[in-house]
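Everything on this sheet refers to the single structure shown next.
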Amino acid sequence: MEKKPKVIVFDLGTDIVNVLFRYYTLWPFWVDTHVNPPFKMGAQNKVVDLYGHTIRHYSDVPDVLKQLSGEGYELGVASRTTQIKGAKQLIDLFGWKKYFKYVEIFPGSKVAHFSNIQKSSHVDYKDMMFFDDESRNIVEVGKLGVHAVLVGDGVSRGVVQDALRSFSKQ
């Protein structure tokens with residue numbers, strides 16, 4: 001029987017402290033600095049910021065979330081952004097709120113995010129998977145026993161499929 005994670009958690013974008021690298025997870029920007037909240041639905045159903053600039057996510061993300069949710073995985077987000085309200089606005093405007101059972105968005109260690117998710121879900125860390133673009137978060141969360149996956153250039157179908165295959169081989 002194939003082993004599958006029970007909870008899959010995503011970072012949103014990279015955090016403001018990671019200025020040396022330009023990798024991201026679900027969207028290609030920092031909510032703290034690269035975009036200007038508040039966000040709203042603009043013309044042609046595009047999400048825009050305060051100045052009318054279109055806000056985009058990685059193209060595979062909606063389909064990945066829909067597929068994982070449809071396959072019965074519980075999904076969550078863990079972000080240490082200081083722009084909590086803006087991050088939640090974007091999740092809602094992108095139509096992703098329905099997919100995320102666990103939403104941990106606050107400054108601080110990802111260990112605190114995962115502690116909250118573990119308490120809420122009652123799922124062992126070894127049955128969780130985490131996608132993030134920062135090595136330090138991968139190391140920190142990996143020490144808990146979570147299958148942590150370093151994302152190089154955004155979440156894609158291929159990245160998720162590879163991670164699920166890797167998880168099943170544990």
Compute the length gained on full extension between Thr54 and Lys97: take 0.36 nm times their separation in residues and subtract their Cα-Cα distance, giving the result in nm to one decimal.
13.5 nm
Note down the magnitude of the dipole of the range 63-109 about its Cα centre, charges +1 on Lys and Arg C-beta and -1 on Asp and Glu C-beta and zero elsewhere, to the nearest 20 debye.
200
Pull out a ≥ b ≥ c, the square roots of the eigenvalues of the alpha-carbon gyration tensor of the range 122-170, then state rounded if a/c is under 1.5, prolate if not and a/b is larger than b/c, and oblate in the remaining case.
oblate
Which aspartates and glutamates have a Cα lying under 17 Å from the Cα of Lys126, excluding residues fewer than 8 positions away in the same chain?
Glu2, Glu74, Glu140
Treating only the Cα positions of the chain as identical point scatterers, give the base-10 log of I(q)/I(0) from the Debye formula at each q in 0.08, 0.09, 0.15 Å⁻¹.
-0.22, -0.28, -0.78
Add -39500 (n - 2.57) for each DSSP H run of 4 or more in the chain, then divide by its residues: what number comes out at 222 nm, to the nearest 500 deg cm²/dmol?
-9000 deg cm²/dmol
Report, in listed order, any pair from Lys66/Lys169; Lys4/Lys85; Lys46/Lys88; Lys3/Lys143; Lys3/Lys119 with a Cα-Cα distance greater than 26 Å.
Lys4/Lys85
Could I have the simple spin-label model distance between Asn116 and Lys40, label points 7 Å from Cα toward Cβ, reported in nm to one decimal?
2.8
On a 0 to 90 degree scale, rounded to 10, what angle separates helix 157-168 from the longest Cα axis of the chain?
20
With N residues in the range 36-94, Rg(alpha-carbon) / (2.2 N^0.38 Å) equals 1.25
Taking amide hydrogens as modeled 1.01 Å from N in the peptide plane, which residues meet the under 5 Å criterion relative to Ile8, leaving out close sequence neighbours?
Glu74, Leu75, Gly76, Met129
Report the label-to-label distance for Lys4 and Lys126 in nanometres (one decimal), using points 7 Å from each Cα along the Cα→Cβ vector.
2.0
Ignoring everything but the protein chains, give the 1.4 Å probe accessible area of Met41 in square angstrom, nearest 10.
80
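The values are calculated or read from the model by the stated rules, or taken from the named source; none is laboratory data. This structure is a prediction, so every number in the text was calculated from the model and none was measured. Every residue, glycine among them, receives a Cβ derived from its backbone with ideal geometry; neighbour counts consider all protein chains shown. Ligands, DNA and RNA are excluded from the accessible area calculation, which covers all protein heavy atoms including side chains. Shrake-Rupley method; radii C 1.70, N 1.55, O 1.52, S 1.80 Å.
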